[in-house]
Amino acid sequence: MENTSIFAGQGSRKLTERICAQLGLPVGLNETITFSEGNTFVRIGENVRGRDTFIVQTTVFPTNDNFMELLFYIDALKRASAKSVTAVIPYFSYAKGDKKDEPRVSIRARVCADAMEAAGVDRVVTIDLHAPQIQGFFSVPVDNLMALPILADRLMEEMDDMVDDMVIVAADTGFAKEAREYATYLGCPVAIADKMRVAHDDSAEILGILGSVEGKKAVIVDDFAISCRTLCGTASELLDMGATDVYAAISHGVFTPSAMDLLAESKIRKLFVTDSIETQPAPLAPPVETVSVDGLLSEAIRRISYGESLSSMFDWTARAQFATHHV
């Protein structure tokens, strides 16, 4: 990987350092300056002419500032004659805006895709897009990686591989397919939480649980959590239906500050979340435990650099591909 350079945006500096440590590469030299009026200035501090470059930047906390910084870095790398520019976006924050589901609204994810392509991005790598069809908004390759093996392996550690006592619970019908992937990987049954969202807020009404959870350790899985009100409500419903314990595995912790207090008082024994977001507005508190995706992203970057397949990373017959790292 001698022709590869990896740079960090302000939203993912710690994660980038861990990725580079895994690959045995230095973190690229760059700087971001925010002027008093709010304008963002970025600069690449080393020669990237003819090199394959990667910019790692999660796009939340603060969402718009981080996204604009990402665009500016893509543009700076292209103007510095980089051979290729890959945007590594651990959490793509506008992924919920994937369709026109009411009159006179913007399809925000499409706008973001157009902006990144206009800036010159050659490839996008992300983790667990809220709406996988967003890959079709881009004309460049998009690799939508799965946090599943990282989180599932940590679950097996926590439960001493006793998967016979476990049931995977999809947080809603929209995540049912991914929940079945968890169940296949772990070799356990699946259930689905039926919920209804009636407004543009962070909570929903729990209508019931589809499937049997009695006598099982229930594991709620979802791509992200914000206020955690629905997550905690689902946990209570599962216990009322006979579950012996409730855990959760969430790809992205987009937590509001109040979520920590709610989780501390909830019935969730432990909530595993990746470090796709490191600029949290409040410190994470029990029962939250972070599991790093540095191994996942470093392996993806290595395979892209050498022209190898990424899909084979998610072959469930070869689980021992990623080391689980705790933060």
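Coordinate-derived values only; no laboratory data. Since the model is a prediction, treat every value here as computed from it, not as a measurement. FYI the Cβ positions are ideal-geometry reconstructions off the backbone, even for glycines, and counts take in every protein chain you see.
Free of any GluC sites (Glu not before Pro) that DSSP assigns to a loop and that have at most 13 other C-beta atoms within 10 Å, the longest stretch within the chain is 47-213. Placing +1 on each Lys and Arg Cβ and -1 on each Asp and Glu Cβ, with no other charges, gives segment 148-291 a dipole about its Cα centre of roughly 220 debye. For segment 148-291, what is the percent of antiparallel DSSP beta bridges, rounded to the nearest 5? Of the beta bridges lying entirely in segment 148-291, close to 15 percent run antiparallel. A helix-only calculation puts the chain at -9000 deg cm²/dmol for mean residue ellipticity at 222 nm, using -39500 (n - 2.57) for each DSSP H run of at least four residues, averaged over all residues. Projecting the Cα atoms of Thr16, Leu77, Ser258 onto the charge dipole of the chain (Cβ charges, centred on the Cα centre) puts Leu77 farthest toward the positive pole.
Rounded to the nearest 20, the Cβ-based charge dipole of the chain about its Cα centre (Lys and Arg +1, Asp and Glu -1) stands at 920 debye.
In percent, rounded to a whole number, the relative contact order of segment 4-145 is 20, using alpha-carbon pairs under 8 Å and six or more apart.
Of all aspartates and glutamates in the structure, those lying under 13 Å Cα to Cα from Lys14, and not within fewer than 8 positions of it along the same chain, are Asp275, Glu278, Asp294.
For Lys83, the aspartates and glutamates whose Cα falls under 13 Å of its own Cα, not counting residues fewer than eight places away in the same chain, are Asp52, Asp75, Asp122.
Longest exposed-loop-site-free stretch of the chain, with chymotrypsin sites (Phe, Trp or Tyr not before Pro), DSSP loop and at most 13 other Cβ within 10 Å?
Details: sites that count: Phe35, Trp316.
Counting only loop sites that pass the neighbour cut-off, the longest clear stretch is 36-315.
Cross-link check: pairs Lys78/Lys99; Lys216/Lys267; Lys96/Lys177; Lys216/Lys270 evaluated at a Cα-Cα cut-off of 19 Å; pairs beyond the cut-off: Lys78/Lys99.
Values [x] 28, 54, 15, 2, 0; [y] 32, 57, 11, 0; [z] 26, 40, 20, 11, 3, 0 are given for comparison; P(r) over Cα pairs in 20 Å bins from 0, in percent, derived from the coordinates here, is the one labelled [y].
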